[in-house]
Amino acid sequence: TQLSVAIEAPLGSCARAVGGVLDTYQSRLVARGPLATIVSGAALDTLAKLRAYDVVVLAPPGSGCAGNDLALFDANISEYVAGGGGLLTTGWMMFDTHLNGAPEITVALPQVRSNGFGSGVTIAPTGTHPIVSGVTPFNTQYDNYGGGAKSGATTILLDGTNAAGSAWSVGAGRAVYLGPHFLEHWGAY
């Protein structure tokens, strides 16, 4: 079956600009095979709506973008992931107040929420997790490594000695956090 991906960002987010980061991300996913749809939190506000997707990718609010609408679907995220769904986010999502009002998403993610970040650093894949298979070290302008991987999570990216990416299983599902700013608004970065 074809993988179905929801790329979530609130209406009005600068990341949703035509030709911007989410358009590019969506077209690259579709070129690789998955059905990828850019949605707002209202399109995910019930468990049934979440289950229409195999993976939910959360676009972080980032610099200059609208806030988030995570609270619209937060109450159902634990059951969605434990039931086999995937959850992924990157960049500034673990920073500052971006996860306020989203306690279930905070619990589901494998990284400790914190303001720790690196600037102008080299990110090194680590371990044998399939996510980093074939990935070589790369430079990034910013990465929000937060407080590191949670106990029980697998560290998959390093910024020096800081865990800058992690993954884990939650019930039948999985959750991934990547510190580099893959989905941030290009105009700000």
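The values are calculated or read from the model by the stated rules, or taken from the named source; none is laboratory data. None of the values given here were measured: they were computed from a predicted structure. Quick reminder, even Gly has a Cβ in these numbers, built from the backbone with ideal geometry, and neighbours come from all protein chains shown. Each accessible area value is taken on the protein alone, full model and side chains, heavy atoms only, with ligands, DNA and RNA left out. Shrake-Rupley method; radii C 1.70, N 1.55, O 1.52, S 1.80 Å.
Numbers at a glance
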{"quantity": "Within segment 1-32, tally of residues that are over 23 Å from Gly83 (Cα atoms), open to solvent by 30 Å² or more (accessible area, probe 1.4 Å) and assigned to a loop (DSSP other than H, G, I, E, B)", "calculated": "5"}
{"quantity": "Residue list for segment 102-111, restricted to those being free of Cβ contacts under 8 Å to residues at least 40 places away in the same chain and closer than 19 Å to Ile7 by Cα", "calculated": "Ala102, Glu104, Thr106"}
{"quantity": "Pair list, Cβ < 7 Å and 6+ apart or interchain, from segment 170-182 residues that are in a loop (DSSP other than H, G, I, E, B) to residues that are of a type in the set (S, T, N, Q) and open to solvent by 30 Å² or more (accessible area, probe 1.4 Å)", "calculated": "His181/Gln141"}
{"quantity": "Only listed residue being touching a helix residue (DSSP H, G or I) at 6+ places or on another chain (Cβ under 7 Å), under 28 Å from Leu3 (Cα atoms), modelled with pLDDT under 95 and not basic (Lys, Arg), chosen from Leu87, Leu99", "calculated": "Leu99"}
{"quantity": "Number of the condition not met by Asn115 [criteria: (1) open to solvent by less than 40 Å² (accessible area, probe 1.4 Å); (2) modelled with pLDDT under 95; (3) touching a helix residue (DSSP H, G or I) at 6+ places or on another chain (Cβ under 9 Å); (4) more than 24 Å from Tyr53 (Cα to Cα)]", "calculated": "(1)"}
{"quantity": "Positions within segment 162-185 being open to solvent by 10 Å² or more (accessible area, probe 1.4 Å) and not small (Gly, Ala, Ser), in sequence order", "calculated": "Asn162, Trp168, Val170, Arg174, Val176, Leu178, His181, Phe182, His185"}
{"quantity": "Meets criteria (of a type in the set (Ser, Thr, Tyr) and more than 17 Å from Glu184 (Cβ to Cβ)) for Ser13", "calculated": "no"}
{"quantity": "Residue within segment 66-80 that is in a loop (DSSP other than H, G, I, E, B), touching a His at 6+ places or on another chain (Cβ under 9 Å), of a type in the set (A, V, I, L, M, F, W, C) and in contact (Cβ under 8 Å) with a residue 24 or more places away in the chain present", "calculated": "no"}
{"quantity": "Residue ID - surrounded by the most Cβ atoms within 10 Å (Cβ to Cβ), chosen from residues in segment 41-65 that are at pLDDT 95 or above and part of a loop (DSSP other than H, G, I, E, B)", "calculated": "Tyr53"}
{"quantity": "Some residue of segment 120-136 being in a strand (DSSP E or B), of a type in the set (A, V, I, L, M) and surrounded by fewer than 19 Cβ atoms within 10 Å (Cβ to Cβ)", "calculated": "yes"}
